[in-house]
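One structure is given below, represented as structure tokens, and several questions about it will come after.
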Amino acid sequence: MIVDYLSLRQTVAKYIHRNDLDDMFDIFMQSATVRINQSLRCSEMEARANTVISKNFVMLPEDCLEIRTVQIGDRGPMRFNTLQELDYDSGQTPKFSIFDNQLEIRPEVPDDTEIEIVYYAGVSPLVEDTDSNCIMDKYPFVYLYACMLEATLYIQDDVRIQIWMEALVRKFDTINGRTRDRQYAGAPMKVEAR
């Protein structure tokens, strides 16, 4: 059973039938974590940050991978616009864009106005033998498949690379699909003109 970093390392060694890759496992794990952060978006990765606006800018949280919603007070979710759209939009409804790891808010909002950002946070890295995180706890096979993929890439086992890649992509698709279904369950469909 995979429950932490050590049990994952032991499981990968058993699956790959090699004991000479132990020195490489930290690199496999780092690469697997990058792959997970690039492709997985699930409710366990959701986080909330409350902060204040300063000169129409807000720093994004350091672990922010992707924004779900941005809201000022009780006004409801703000709409994302490109920087070019912000420059040419003279409307009074607050909107945001992203530049240089910051949110830019328009039209002008008073300093110290509270803002809430709901976002997908990167999974915390696993380093110590007893380390675990929300993905390891709920989806241990994501880590197994990602580490097996990294190991087979390293040993250049072309046949197994495809097997582990397909298994990992299927797992990502399943989890991401469940998350999308949960987010929109029961929500009425709404058509908006642009």
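The values are calculated or read from the model by the stated rules, or taken from the named source; none is laboratory data. Everything numeric in this text was worked out from a predicted model, so none of it was measured. With ideal geometry, Cβ positions are generated from the backbone for all residues, glycine too; neighbour counts draw on all protein chains shown. These area figures cover heavy atoms from the full protein model, side chains too; ligands, DNA and RNA do not enter into them. Shrake-Rupley method; radii C 1.70, N 1.55, O 1.52, S 1.80 Å.
Quickly rank 35-41, 47-53 as a protection proxy: mean count of other C-beta atoms within 10 Å, highest first.
Taking the mean over residues of other Cβ atoms within 10 Å, the ranking is 35-41, 47-53.
Now for a separate question. Which of THR33, MET165, PRO61 sits farthest toward the positive end of the charge dipole of the chain, with +1 on the Cβ of Lys and Arg and -1 on the Cβ of Asp and Glu?
Positive-most Cα among the choices belongs to MET165.
Towards the positive end of the charge dipole of the chain, with charges on Cβ (+1 Lys, Arg; -1 Asp, Glu), say which of MET148, GLY76, VAL127 has the farthest Cα.
Value computed over the given set: GLY76.
How are the alpha carbon pair distances in the chain distributed across 5 Å bins from zero to the largest one, expressed in percent?
P(r) for the chain, in whole percents per bin: 1, 7, 13, 15, 14, 12, 11, 9, 8, 6, 3, 1, 0.
Something else: If each DSSP helix of 4+ residues adds -39,500 (n - 2.57) and the sum is divided by the residues in the chain, what number results at 222 nm, nearest 500 deg cm²/dmol? Can you show the working numbers first?
Details: 6 runs with 81 residues, N = 194.
So the helix-based figure for the chain works out to -13500 deg cm²/dmol.
Tell me, what ³J(HN,Hα) does each residue in region 144-153 have, in order and in whole Hz, if you take phi through Karplus 6.51 cos²θ - 1.76 cosθ + 1.60 with θ = phi - 60° and put x for Gly and Pro?
Running phi through 6.51 cos²θ - 1.76 cosθ + 1.60 with θ = phi - 60° gives 4, 5, 5, 5, 5, 4, 5, 5, 5, 4 Hz.
Considering only protein heavy atoms, what per residue accessible area in square angstrom results for the chain with a 1.4 angstrom probe?
Working: 12080 Å² over 194 residues.
Per-residue value: 62 Å².
Something else now. What whole number of Å gives the distance from the Cα centroid of region 132-177 to the Cα centroid of region 67-81?
Comparing the Cα centres of region 67-81 and region 132-177, I get a distance of 34 Å.
Looking at the chain, how many pairs of lysines come closer than 26 Å at the Cα, when each pair is eight or more places apart or spans two chains?
Lysine pairs meeting both conditions in the chain amount to 5.
Set Lys and Arg Cβ to +1 and Asp and Glu Cβ to -1, take the dipole of the chain about its Cα centre, and tell me which of LEU21, THR174, SER90 lies farthest positive.
It is THR174.
Probe radius 1.4 Å, ligands and nucleic acids ignored: give me the carbon and sulfur share of the accessible area of region 92-165 as a rounded percent.
On the way: 1900 of 3850 Å².
Exposed carbon and sulfur together represent 49 percent of the surface.
Test of understanding: extend the Cα→C-beta vector of GLU108 to 7 Å, then name every residue of region 43-63 with backbone N under 17 Å from that spot.
53-58, by backbone N distance to the label point.
Let me ask something additional. Place a +1 charge on the Cβ of each Lys and Arg in region 82-194 and a -1 charge on the Cβ of each Asp and Glu, then give the dipole magnitude about the Cα centre in debye, rounded to the nearest 20. If you can, show how the numbers build up before the last one.
Values: 11 positive and 21 negative charges, 164 e Å.
In total the dipole reaches around 780 debye.
Further, regarding this structure: Please get the size of the charge dipole for the chain, origin at its Cα centre, with Cβ charges of +1 on Lys and Arg and -1 on Asp and Glu, quoted in debye to the nearest 20. Let's see the in-between values first.
Values: 21 positive and 32 negative charges, 189 e Å.
Dipole about the Cα centre, nearest 20: 900 debye.
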